[in-house]
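Peer 1: Sharing a structure, written as structure tokens. Questions coming.
The values are calculated or read from the model by the stated rules, or taken from the named source; none is laboratory data. The structure presented is a predicted model; accordingly, all values stated were derived computationally and were not measured. All Cβ positions, even for glycine, are placed from backbone atoms using ideal geometry, and neighbour counts span all protein chains on display. Heavy atoms of the whole protein, side chains included, go into the accessibility calculation; ligands, DNA and RNA do not. Shrake-Rupley method; radii C 1.70, N 1.55, O 1.52, S 1.80 Å.
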Amino acid sequence: MTMLALSCVRGCSGLVAFRTAWHLQHLHFVSGITVAQIDEEVSKLLELKARLGGDDGKHQFVLKTPKGTRDYNPKQMAIREKVFNTITRCFKRHGAETIDTPVFELKETLTGKYGEDSKLIYDLKDQGGELLSLRYDLTVPFARYLAMNKITNIKRYHIAKVYRRDNPAMTRGRYREFYQCDFDIAGQYDAMIPDAECLKIVHEILSELELGDFRIKVNDRRILDGMFAVCGVPDDKFRTICSTVDKLDKMPWEDVKKEMVNEKGLSEEAADQIGEYVSLQGGMDLAERLLLDPRMSQSKQACTGLSDIKLLFSYLQLFQVTDRVVFDLSLARGLDYYTGVIYEAVLTQAGVAPVSSDAPNGAEESVSVGSVAGGGRYDGLVGMFDPKGRKVPCVGVSIGIERIFSIMEQKAEASAEKVRTTEVQVLVASAQKNLLEERLRLVTELWNAGIKAEVMYKKNPKLLSQLQLCEETGIPLVAILGEQELKDGVVKLRVVATREEVDISRSDLIGEIKRRTSEA
């Protein structure tokens with residue numbers, strides 16, 4: 001009998017142990033079953049035992065987070081909060097207000113909005129006659145909110161969790177539960193002005209977070225549809241071919257072409273023509289060139305999109321962001337609701353050469369670290385929910401916070417810089433025993449004045465222990481009370497970093513702490 005089998009028998013008791021031992025021996029010696037097969041059966045028994053409970057009859061909990069989710073410790077949350085604050089400041093700088101929507105929606109609200117990604121939606125069990133699903137993104141709930149409340153113009157941001165039944169790659173910031181940070185402009189405005197501001201926002205956020213080199217790829221659904229039409233793609237295959245083109249950032253062209261031809265039933269000739277176009281990258285010059293292209297110029301839809309791309313780049317020049325923006329015909333974004341301009345921000349490794357218009361498609365793939373923001377124009381989505389089909393033009397962007405956070409966390413681990421997990425400005429300490437009441441009186445004064453302060457939860461802590469706490473947690477100041485200080489009506493204020501100490505009168509202490517912490 002194997003060691004694993006023996007351990008199983010030891011885990012059982014009495015008659016069960018005897019029967020298990022006899023059964024395993026009988027399997028091995030009589031039936032000729034291999035030791036590996038016995039081990040496999042025993043492992044199943046052990047798993048069942050763990051689920052049912054241990055020898056004492058208590059349930060054994062499996063201590064893990066569900067697949068595709070994670071916990072965040074205080075250090076990780078401090079980094080995360082910094083990123084959220086940077087993004088929120090940017091959204092507010094551009095005049096956005098915020099809303100919130102339920103974490104789950106009616107299933108019919110989400111159905112048919114995400115193309116082939118609809119299979120990733122989490123459905124909930126029937127809840128009293130309502131079929132519900134966890135929200136897949138923040139855009140569809142936003143469109144439902146606009147239609148339901150008859151709102152025709154708003155500039156809003158929304159930071160909240162969304163859920164996808166994806167295959168998680170947690171080291172690259174892909175999860176099943178994750179935050180999205182969305183900024184959207186809804187309303188009837190002149191062409192490309194709101195769209196350009198969305199790209200400016202992405203540029204500002206990624207620059208401020210100092211994540212490294214990045215590129216913002218831009219395309220237009222009308223250009224894609226026009227391209228498909230002139231290349232011979234049947235109308236009913238536009239969306240499914242678009243979903244395949246969207247995989248070019250993950251798969252080489254040969255594999256994408258194979259999927260188009262073998263799985264989607266597209267002719268090889270049409271696929272080759274698409275291949276010529278999706279290899280093109282550039283700027284306003286590329287849009288001008290395509291307007292003169294013999295095939296593309298036949299599509300009125302494509303020409304409208306190309307003219308808007310030209311206009312977009314003229315506004316981007318005024319916003320001073322064209323250094324990081326590239327017109328890329330391989331960008332598709334698989335979601336069904338996009339109707340116009342689409343864009344995606346991609347982080348690239350340090351030292352990457354700027355993208356040129358003659359770079360072959362996939363040249364960026366070897367250095368790409370993944371998409372960190374994406375969005376586009378979706379003029380028809382609100383109309384899908386409105387009873388009278390009234391459309392509200394919308395354009396927006398979603399910041400991929402989890403991937404950004406993964407990169408920021410790696411940078412923090414690599415650097416020697418200490419991450420503070422609290423914002424305490426001063427520790428109220430005592431130099432002698434029996435001064436707990438005085439410490440509590442002083443910390444109350446500081447709290448009432450809006451100063452972030454702490455005391456140790458001991459009646460008579462050692463001064464060294466209190467100073468060490470400041471060193472470990474990064475508290476910059478210590479307000480030290482002693483019998484002599486109390487007699488003199490002063491507090492000894494110590495700067496932790498320099499160990500400089502100065503006596504401050506009790507009446508001036510709050511002002512001095514505020515002055516020193518504001519300078520820091």
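Peer 1: Out of (1) at pLDDT below 95; (2) at positive phi, the odd one out for A497 is which?
Peer 2: Tallying (1) at pLDDT below 95; (2) at positive phi, A497 fails exactly one: (2).
Peer 1: Tell me which of these L509 doesn't satisfy, since it passes every other one: (1) part of a helix (DSSP H, G or I); (2) within 22 Å of P74 (Cβ to Cβ); (3) at pLDDT 95 or above.
Peer 2: So the condition that L509 fails would be (2).
Peer 1: When the stretch 254-266 is examined, which residues are found to be among the hydrophobic types (A, V, I, L, M, F, W, C) and crowded, with 18+ Cβ neighbours inside 10 Å?
Peer 2: Within the stretch 254-266, the first condition is being among the hydrophobic types (A, V, I, L, M, F, W, C), and the residues that meet it are 256, 260-261, 266.
If the condition is that a residue be among the hydrophobic types (A, V, I, L, M, F, W, C) and crowded, with 18+ Cβ neighbours inside 10 Å, then V256, M260, L266 are the ones that fit.
Peer 1: Go through G396, G389 for me and flag whichever is open to solvent by 20 Å² or more (accessible area, probe 1.4 Å) and within 22 Å of P141 (Cβ to Cβ).
Peer 2: On the way: G396 fails: open to solvent by 20 Å² or more (accessible area, probe 1.4 Å).
Every option except G389 fails the conditions.
Peer 1: In addition: Need the failing condition index for S207 against (1) in contact with a helix residue (DSSP H, G or I) (Cβ under 9 Å, 6 or more places away or on another chain); (2) part of a helix (DSSP H, G or I); (3) surrounded by fewer than 16 Cβ atoms within 10 Å (Cβ to Cβ), just the number.
Peer 2: Only one criterion in (1) in contact with a helix residue (DSSP H, G or I) (Cβ under 9 Å, 6 or more places away or on another chain); (2) part of a helix (DSSP H, G or I); (3) surrounded by fewer than 16 Cβ atoms within 10 Å (Cβ to Cβ) is unmet by S207, namely (1).
Peer 1: Okay, moving on. Please go through the stretch 418-469 and pick out each residue that is in contact with a Lys or Arg (Cβ under 6 Å, 6 or more places away or on another chain) and within 26 Å of Y72 (Cβ to Cβ). Please lay out each step first, then the result.
Peer 2: We begin by selecting, within the stretch 418-469, every residue in contact with a Lys or Arg (Cβ under 6 Å, 6 or more places away or on another chain); these are 419, 421, 423-425, 428, 430, 436, 455, 460.
V419, T421, E423, V424, Q425 - these are the residues of the stretch 418-469 that are in contact with a Lys or Arg (Cβ under 6 Å, 6 or more places away or on another chain) and within 26 Å of Y72 (Cβ to Cβ).
Peer 1: Now a separate question. Evaluate the stretch 230-241: report whether one residue or more is surrounded by fewer than 22 Cβ atoms within 10 Å (Cβ to Cβ), among the aromatic types (F, W, Y) and either in a loop (DSSP other than H, G, I, E, B) or modelled with pLDDT of 90 or more (or both).
Peer 2: no
Peer 1: Here's another thing I want to ask about it. Would you check which residues across the stretch 282-298 are part of a helix (DSSP H, G or I), within 19 Å of L331 (Cα to Cα) and out of contact with any Cys (no Cβ under 7 Å at 6 or more places or on another chain) and list them?
Peer 2: Those that are part of a helix (DSSP H, G or I), within 19 Å of L331 (Cα to Cα) and out of contact with any Cys (no Cβ under 7 Å at 6 or more places or on another chain): M284, D285, L286, A287, E288, R289, L290, M296.
Peer 1: Kindly provide the set of residues from the stretch 418-441 that are closer than 14 Å to E471 by Cα and open to solvent by 50 Å² or more (accessible area, probe 1.4 Å), ordered by number.
Peer 2: Answer for the stretch 418-441, where residues must be closer than 14 Å to E471 by Cα and open to solvent by 50 Å² or more (accessible area, probe 1.4 Å): K418, R420, T421, T422, E423.
Peer 1: Within the stretch 171-198, track down each residue that is assigned to a helix (DSSP H, G or I), among the charged types (D, E, K, R) and open to solvent by less than 10 Å² (accessible area, probe 1.4 Å).
Peer 2: We begin by selecting, within the stretch 171-198, every residue assigned to a helix (DSSP H, G or I); these are 171-172, 193-198.
In the following step, the residues that additionally are among the charged types (D, E, K, R) were identified as 172, 195, 197.
Of everything in the stretch 171-198, just one residue is assigned to a helix (DSSP H, G or I), among the charged types (D, E, K, R) and open to solvent by less than 10 Å² (accessible area, probe 1.4 Å), namely D195.
Peer 1: With open to solvent by 40 Å² or more (accessible area, probe 1.4 Å), in contact with a helix residue (DSSP H, G or I) (Cβ under 8 Å, 6 or more places away or on another chain) and either polar (S, T, N, Q) or modelled with pLDDT of 90 or more (or both) as the only criterion, which of I216, I159, I201, I223 stands out?
Peer 2: Details: I216 fails: open to solvent by 40 Å² or more (accessible area, probe 1.4 Å); I201 fails: open to solvent by 40 Å² or more (accessible area, probe 1.4 Å); I223 fails: open to solvent by 40 Å² or more (accessible area, probe 1.4 Å).
On inspection, the qualifying residue turns out to be I159.
Peer 1: Which one of these is open to solvent by 10 Å² or more (accessible area, probe 1.4 Å), among the hydroxyl-bearing types (S, T, Y), within 30 Å of M77 (Cβ to Cβ) and at pLDDT below 95: S357, S371, S330, S366? Give the steps one after another, and end with the answer.
Peer 2: Values: S357 fails: within 30 Å of M77 (Cβ to Cβ); S330 fails: within 30 Å of M77 (Cβ to Cβ); S366 fails: within 30 Å of M77 (Cβ to Cβ).
Step by step, each of S357, S371, S330, S366 is checked, and only S371 is open to solvent by 10 Å² or more (accessible area, probe 1.4 Å), among the hydroxyl-bearing types (S, T, Y), within 30 Å of M77 (Cβ to Cβ) and at pLDDT below 95.
Peer 1: Output the residue which, of all residues in the stretch 124-143 that are outside any loop (DSSP other than H, G, I, E, B) and open to solvent by 90 Å² or more (accessible area, probe 1.4 Å), is farthest from K155 (Cα to Cα).
Peer 2: The selected residue is Q127.
Peer 1: Give the stretch 459-487 a look and list any residue that's of a type in the set (A, V, I, L, M), part of a helix (DSSP H, G or I) and within 43 Å of the chain's Cα centre (by Cα), or say none. Working first, answer last.
Peer 2: First, pick out the residues of the stretch 459-487 that are of a type in the set (A, V, I, L, M): 463-464, 467, 469, 475, 477-481, 486.
If we keep only those that are part of a helix (DSSP H, G or I) too, we end up with 463-464, 467, 469, 486.
Within the stretch 459-487, L464, L467, L469 qualify.
Peer 1: Among the candidates V256, V321, which residue alone is under 33 Å from the mean Cα position of the chain (by Cα) and either polar (S, T, N, Q) or modelled with pLDDT of 95 or more (or both)?
Peer 2: Working: V256 fails: either polar (S, T, N, Q) or modelled with pLDDT of 95 or more (or both).
Testing whether each residue is under 33 Å from the mean Cα position of the chain (by Cα) and either polar (S, T, N, Q) or modelled with pLDDT of 95 or more (or both) leaves just V321.
Peer 1: Output the qualifying pairs, or none if there are none: Cβ atoms under 8 angstrom, residues six or more apart or on different chains, first residue in the stretch 108-119 and closer than 17 Å to G375 by Cα and among the basic types (K, R), second residue open to solvent by less than 30 Å² (accessible area, probe 1.4 Å) and not in a loop (DSSP other than H, G, I, E, B).
Peer 2: Qualifying pairs under 8 Å: K113/V140; K113/L381.
Peer 1: What residue, among those in the stretch 313-327 that are closer than 15 Å to E197 by Cα and of a type in the set (A, V, I, L, M, F, W, C), is most open to solvent (accessible area, probe 1.4 Å)?
Peer 2: Of the stretch 313-327, the ones closer than 15 Å to E197 by Cα are 313-322, 324-325.
Now narrow it down to the ones that are of a type in the set (A, V, I, L, M, F, W, C): 313, 316, 318-319, 321, 325.
Values: F313: 10, L316: 0, L318: 135, F319: 71, V321: 1, V325: 13 Å².
Per the criteria, the residue is L318.
Peer 1: Turning to a different aspect of this structure: Being in a helix (DSSP H, G or I), basic (K, R) and more than 21 Å from A196 (Cβ to Cβ) narrows it down to one of K310, K258, so name that one.
Peer 2: Working: K310 fails: more than 21 Å from A196 (Cβ to Cβ).
Exactly one of K310, K258 is in a helix (DSSP H, G or I), basic (K, R) and more than 21 Å from A196 (Cβ to Cβ), namely K258.
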